Amino acid sequence: MSRRPKLRPKWLRWAAAGAAAAALIAFLPWQIGVREDEGNGEGANSRLSVMNAAQEKRLKLEAVRRDAEATAQLCTLECSREFRALRADADEEKLRHLLDAHPHMTYVRLKASSGKTKEAGAMPKGNGDAWNAQLAQAEREAQAGRTYVSEPVRVNGSRYIVLGVPAAESSGTVTGIIRQDIVDEVERRQRLHLRLVPYPAEGRYKIESAKPNSTEDITVRTGEDNGSASHYHINEAVVRFRQEPTDAEIKAIMKDIDGASVRKLGYAHVFTSHSMETEELIAYFRERWNPVYVEPHYLYLANGLWGQASEADDAKSGTEASDRKGFKARAESGADTAGEPIVPNDLLYNAYQWNLPAIETERGWALSRGSDDIVIAVLDTGIQLDHPDLKGRIAEGVNLVGEGDPEDDVGHGTHVAGIIAATVNNGEGVAGLSWRGRIMPVKVLDSSGSGTTYSVAEGIIWATDHGADVINMSLGNYASAQFLHDAIRYAYDRGVVLVAASGNDNTDQPGYPAAYPEVFAVAATDAEDNKAPYSNYGDYIDAAAPGDAIASTYPGNQYAALSGTSMASPHAAALAGLIKSVNPDLTNEEVMDIMRKTAVDLGDKGRDIYFGYGRIDVMRALEAAEQTANTLGGFRLKFERRIEALRHRFGFGEAE
């Protein structure tokens, strides 16, 4: 069986063409992710060049521009697709439903072939008659069978475009005004997560920046400085006593330290003082209490590189309708015994999801598409709980940094969740790695994308106690906190597979929790199986996974293609879930060992600091898992898969 060719997503090729003027400038920094050998096969010998700070900054600034443009394209695609599905004589209820589901559509006008018009929403104030002029031009283009997209317009601080398309069944035209504030949001967040600006801003949490595993103060003046900095709360300390203190002793401690609060999780206490700083608190506890450990209360940050939304120019972009029918028939056939690849019919899959074919997911799906019994916890910024492409896939979760449900107020967690579990073969959006199973939203990072040692540790323990089989952590800090390590061990000792992103500073400074020995650490690769230029590296890396321009779900019922080791990590977490679906009796260490041993060797032969054991391979891993499945659970899975294939063959459809 030949592999599908690895193609860079269309929108990346468009972005590259648009950046032709900057090609000479961009060439040098992009060399960082390219091997200096001529071969690109398994086990190819390679040597990666070293990027200096100026080159890295130049590369990241170009990424900001490219990603902002691509995000605008995604918004345009989604709106164009929704517009094209409307008949020009659609009723007002359908129009209201459209605007409710897509609040960035501020105004929509339908014009039937008879000339009758209908409208919903309101034109933004501040652009006068220009709106009507552009809408009239959009109608003329749509009447001629063409898609019209205006240049962006800035009105009252927001970005807008005017869009026009032919209505469904040639019934007229659909035009509208689309607000694209998502472009500004993505650009702002990407500057933070690409470390182009200091992040997080000191002062928000009363935090201090320090050298890793110390309280030695350093000043973070630029984004580059983040690569060698940790962050902690300046008036707090985490303490694990040798003997549990009594209520009276806690009261005495609070008096001694001018205490503001004390919290307990597991074996450790987090003390906050009104007046004492962390160094003073550490000295006090060491002198008076001789604890097992006392350390700063560290801050953890999301490991995502923001931006890069994917898009086709109109409804004809991406897979042609005839091809999509063929894909749908193959996908609906389910897993077959011949091991034929399964290619789903999701709208963005064929054109933009290079990552799944690259790791042999399509062939792996012929072995297993997951299990309803598997739960993967996503410790992150929360998840958009009503995203249409995650419907029915979300388990009970928790918000550990605020009140209410674990809703995503950043976008990072929703994107991570979609990589794992976006509904497959529904003709919409994107496909996740797993067709079955549930994701557990555990909100441990707040609206700034930051969280504390306490919230992350609490999230690990909560997810473990509530039935998570796998925990994904696309977050990190450069300090090793014993408090967090205690929580990691708690989950590991209870059989949970722990997966974490290595970080995005292109440094060999170990990041945590990825560098803990109980955790499967994931680096990022691009569409050519090169090391992603931002991906952290070191001898703690277990494997690599696609992390560059990964299309997935995004808040507001939208989709975006983001880059970062945050995007690589959920590929490995989802694979761990698929392995467990094949053989539920495997231990967490056995699952991780399968992912290591079946990885496709990249870079220097054998394990290396950039790719670990290599890039994960879904088909190889599931084949290896099947060989271990000499249990009733394994035989049951094979039986169910065979019955499913027979149902399709004889016209009974897929089992519910």
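Remind me, what semi-axes does region 422-565 give for its equivalent ellipsoid, largest first in whole Å, using sqrt of 5 times each Cα gyration tensor eigenvalue?
Sorted largest first and rounded, they come to 24, 21, 14 Å.
Would you mind checking the pairs LYS531/LYS605; LYS94/LYS116; LYS57/LYS443; LYS60/LYS531; LYS57/LYS531 and listing those with alpha carbons more than 19 angstrom apart?
LYS57/LYS443
Every read-out reported here was derived from the displayed coordinates using simple, explicitly stated rules and does not represent laboratory data. If you're wondering where the values come from, they're calculated on a predicted model, not measured in any experiment.
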